[in-house]
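Input: a single structure, listed below in structure tokens.
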Amino acid sequence: MKDVNLICFITSLSIAVLCSMLLPILPILTRKSFLFGVKIPLEEQDHPEAKRLKKRYVTVCLLGGAIIIALITIQYGTIPDISLIAAMYFPLLFVVIQAVAFIPNWKRATKLKEPLAWQVSSSSYAETKSSHSRGDLSEIPWRWYVLSFIVILASIVIALIRYPGLPDRIPTHFDVNMQPDAWSDKSALR
């Protein structure tokens, strides 16, 4: 069980480090014409207020990531037996960090746009073959529908073929130590 706990700890820590590195650079990787969801002119990306908002975002993301990494390490050092549960739920804290970092900056960027007269044309899109049919499912080639149907049908057939080979009682719930603690009988398809 110690090996499983160590693997869960390493996995959780790796995810936390990766998220801690990616979260602060998300605004750089996404569209440059948006400042936290607010469309602004490209030349205004270097405006002091825009830079201040970006710096605040990076600071909150890095601080939040460091706190999560510390929590993961403390959890493993004090209660290693819950490492599996921690590996599943600690990464969800990054959703909270993203919200805490993004939403206040989005509100500030929205308030900044009007007094600084950041105006951008309202419509622009790339002219591609798919841009005209976006949202129109009738334009999707029939082979995609056929392929999807074949995959669904194959899944059903494989499940029906494999069903008789299942044991009469199937574990349906596992405890913290990954031991089954609830079972169900096979249904009427016996």
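What follows draws every value from the coordinates through simple rules; no lab data is involved. Keep in mind that this is a model prediction, so the values were computed, not measured. Cβ: placed from backbone, ideal geometry, glycine included. Neighbour counts: every protein chain shown.
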For Thr172, net neighbour charge (Lys/Arg +1, Asp/Glu -1) across residues whose Cβ lies under 15 Å away: -2
Rule-of-thumb check for segment 41-87: C-alpha Rg over 2.2 N^0.38 Å? 1.86
Extension gain Glu49-Ile10, at 0.36 nm per residue separation less the Cα-Cα distance, in nm? 10.1 nm
